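Participant: First the structure, which I've put down as structure tokens, then a few questions once you've had a look.
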Amino acid sequence: MAQVKMTVNGKPASGEVEGRTLLVDFIRDTLGLTGTHVGCDTSQCGACVVHVDGKAVKACSMFAAEAEGTEVTTIEGMAAEDGTMTPVQKAFQEFHGLQCGFCTPGMVMSAEAMLKDNPSPTEAEVREYLKGNICRCTGYHNIVKAILAASGQDVSNIAAE
Amino acid sequence: MYAFEIERPSTVADAVALLKQSDENQALGGGQTLIPTLKQRLAAPEVLVCLSGIDEIKGVCTDDDGRICIGGGTTHGEVAAGSGAYPALVWMAENIGDPAVRNRGTIGGSLANNDPSACYPAAVLASGATVVTNEREIAADDFFDGMFATALNEGEIITEVKFPVPEKANYQKFEQPASRFALVGVFVAKFADGVRVAVTGASEEGVFRWTEAEEALNGNFSASALDGLSVPADGMISDLHGSGAYRAHLVAVMTRRAVEAA
């Protein structure tokens, strides 16, 4: 066991971890932040996407010890203290970008990372970026629509396919 | 996962010292292959020596000979962002896995693992790149040693890879859509002194050069030069995603596409 320290959602976080403790388990079990989900545990599904030093990573495929000294942001860190949602979160709500909601934390974290790098993506770019985020409910259409809307683009002509 | 300790050295020298303490110690690059492997209990290291804290093996630069020099600990995302002078290499890097995987996985980790379906081995072999370690420089032609095997010694770490920039190049990847590895990938690079064609995903021996195609393209760098050429299905990977014959067919198709797009 070793001590690990990092900043999570702007606040200092620390705990005892084993070498094999995954970042996602540290976030969920030690810190109690259960918004980050574990879908597949094999880095396929993307439900566990968080930001480490501003970059989207799969928290099931990184050890907690590797996050020592980093700035981690989880889905709990997106909305403001008073509950005001980010434009991406609002758009997911407005455009029904979720059904069961299990993939949503990872979808939102991937979308936020994408829009930071590419503030006005095309539909094809959004779909390409979401390659590593699997949703079994929505068929992706409304997720893509929500992200395009969050980027400030007109989505009124995007029909359901 | 079996239990193990993690060490996070900040220099190559410290990492090598840790690796040499025991045969059971293993290097951890970005972990995008090794962590799933550990979860399946297919590896049981005593100590994982994490290379992600070593700044001296990160980053992309250009040397005096115009080669693109990429630190072994550089992620696929950083390779794509920093290798603009070599567009085929950029395309290859930005089509590995997905964005989150590209933010962790490293060029050194991919090459040291030498997965028979990985993309980097094709780029390194077709480019005639040089793999630099803490011990020596290894030519691409001497580096790959069959499926999951390389010329690396125990405790040897890839610190840098130097890519000469070809006149023309292209990488064509026929993606296995579930794993996003190459079912077959072909990297074609045309230099002043000849053409190199490297194939990944196809052979049971791992990445290989298709020398017959290289000879044909040396005289005439066009897809028509490949007319009638094929690779034998013997020794090709055969699995539920495709037979050996199918992969052999894909090698010829993807090579033509790469030449046309170069």
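Participant: Restricting attention to region B:2-23, which residues are in a loop (DSSP other than H, G, I, E, B), within 13 Å of another protein chain (Cβ to nearest Cβ) and either polar (S, T, N, Q) or surrounded by fewer than 18 Cβ atoms within 10 Å (Cβ to Cβ) (or both)?
Facilitator: Start the filter on region B:2-23 by keeping residues that are in a loop (DSSP other than H, G, I, E, B), which leaves B:2-4, B:8-11, B:21-23.
This time we only want the ones that are within 13 Å of another protein chain (Cβ to nearest Cβ), so: B:2-4, B:8-10.
Selection gives B:TYR2, B:ALA3, B:PRO9, B:SER10.
Participant: So, one more: Here are some conditions: (1) surrounded by fewer than 22 Cβ atoms within 10 Å (Cβ to Cβ); (2) not in a helix (DSSP H, G or I). B:ILE96 meets all but one. Which one does it not meet?
Facilitator: Here B:ILE96 clears every test but (1).
Participant: Sticking with this one: What residue, among those in region B:83-93 that are over 23 Å from B:ALA178 (Cα atoms) and buried (at least 20 other Cβ atoms within 10 Å of the Cβ), is modelled with the lowest pLDDT?
Facilitator: First pass over region B:83-93, keeping only residues over 23 Å from B:ALA178 (Cα atoms): B:83-88.
Next, from what is left, pick out any that are buried (at least 20 other Cβ atoms within 10 Å of the Cβ): B:83, B:86, B:88.
Numbers: B:SER83: 94, B:TYR86: 98, B:ALA88: 98.
Once the filter is applied, the top-ranked residue is B:SER83.
Participant: Among B:PHE174, B:PHE187, B:PHE221, B:PHE181, which is the only one that is touching a residue at least 12 places away in the same chain (Cβ under 8 Å), closer than 21 Å to B:ALA139 by Cα and among the aromatic types (Phe, Trp, Tyr)? Write out each step before concluding.
Facilitator: Working: B:PHE174 fails: closer than 21 Å to B:ALA139 by Cα; B:PHE221 fails: closer than 21 Å to B:ALA139 by Cα; B:PHE181 fails: closer than 21 Å to B:ALA139 by Cα.
Just one listed residue meets the conditions, B:PHE187.
Participant: Let me ask something else. Suppose we filter region A:67-81 for residues that are within 13 Å of chain B (Cβ to nearest Cβ) and either among the hydroxyl-bearing types (Ser, Thr, Tyr) or over 29 Å from A:THR21 (Cβ atoms) (or both); how many remain?
Facilitator: Selection size over region A:67-81: 1.
Participant: Kindly indicate the residue of region A:82-91 that is farther than 19 Å from A:THR34 by Cβ and of a type outside the set (Ser, Thr, Tyr) and also farthest from the other protein chains (Cβ to nearest Cβ) among those meeting that condition. Before the answer, list the steps.
Facilitator: If we filter region A:82-91 for residues that are farther than 19 Å from A:THR34 by Cβ, which is where we start, we get A:82, A:84, A:86-88, A:90-91.
Then keep just the ones that are of a type outside the set (Ser, Thr, Tyr); that gives A:82, A:87-88, A:90-91.
Details: A:ASP82: 30, A:PRO87: 20, A:VAL88: 15, A:LYS90: 23, A:ALA91: 19 Å.
Residue satisfying both the conditions and the ranking: A:ASP82.
Participant: Let me ask something else about it. Residues being surrounded by 13 or more Cβ atoms within 10 Å (Cβ to Cβ) and part of a strand (DSSP E or B): count how many of those fall in region B:198-241.
Facilitator: Residues that pass the stated criteria total 7.
Participant: Take the residues of region A:42-66 that are at positive phi and at the interface with chain B (Cβ under 7 Å from one of its Cβ atoms): which is farthest from the chain's Cα centre (by Cα)? Reasoning before the result, please.
Facilitator: Within region A:42-66, the first condition is being at positive phi, and the residues that meet it are A:43, A:46, A:53-54.
From what's left, at the interface with chain B (Cβ under 7 Å from one of its Cβ atoms): A:43, A:46.
On the way: A:SER43: 13, A:GLY46: 8 Å.
So, considering only residues that are at positive phi and at the interface with chain B (Cβ under 7 Å from one of its Cβ atoms), the one farthest from the chain's Cα centre (by Cα) is A:SER43.
Participant: Being among the polar types (S, T, N, Q) and touching a strand residue (DSSP E or B) at 6+ places or on another chain (Cβ under 8 Å) is the filter here; which residues of region A:110-135 pass it?
Facilitator: Taking region A:110-135 first, the residues among the polar types (S, T, N, Q) are A:110, A:118, A:120, A:122, A:133.
Selection gives A:SER110, A:ASN133.
Participant: Select from region B:72-129 the residues that are over 14 Å from the mean Cα position of the chain (by Cα), of a type in the set (Ser, Thr, Tyr) and more than 26 Å from A:LEU130 (Cβ to Cβ) and list them in ascending order.
Facilitator: Within region B:72-129, just B:TYR86 meets the criteria.
Participant: Another question, then. Restricting the search to region B:13-51, which residues are of a type in the set (Ser, Thr, Tyr) and within 26 Å of A:VAL57 (Cα to Cα)? I'd like the intermediate steps shown before the answer.
Facilitator: Restricting attention to region B:13-51, the residues satisfying the condition of being of a type in the set (Ser, Thr, Tyr) are B:22, B:33, B:37.
Hits for region B:13-51 are B:THR33, B:THR37.
Participant: Select, from A:GLY101, A:GLY139, A:GLY97, the only residue that is within 17 Å of the chain's Cα centre (by Cα), without any contact (Cβ under 8 Å) to a residue 12 or more places away in the chain and away from chain B (no Cβ under 13 Å).
Facilitator: A:GLY101
Participant: Which count do you get for residues in region B:45-78 that are away from chain A (no Cβ under 11 Å) and either in a loop (DSSP other than H, G, I, E, B) or within 17 Å of B:THR130 (Cβ to Cβ) (or both)?
Facilitator: Summing the residues that are away from chain A (no Cβ under 11 Å) and either in a loop (DSSP other than H, G, I, E, B) or within 17 Å of B:THR130 (Cβ to Cβ) (or both) in region B:45-78 gives 19.
Participant: Taking A:GLY19, is it in contact (Cβ under 8 Å) with a residue 12 or more places away in the chain, among the small types (Gly, Ala, Ser) and over 18 Å from A:PHE102 (Cα atoms)?
Facilitator: Details: in contact (Cβ under 8 Å) with a residue 12 or more places away in the chain: yes; among the small types (Gly, Ala, Ser): yes; over 18 Å from A:PHE102 (Cα atoms): yes.
For A:GLY19, the condition - in contact (Cβ under 8 Å) with a residue 12 or more places away in the chain, among the small types (Gly, Ala, Ser) and over 18 Å from A:PHE102 (Cα atoms) - is met.
The values are calculated or read from the model by the stated rules, or taken from the named source; none is laboratory data. Everything quoted here is computed from the prediction, not taken from an experiment. With ideal geometry, Cβ positions are generated from the backbone for all residues, glycine too; neighbour counts draw on all protein chains shown.
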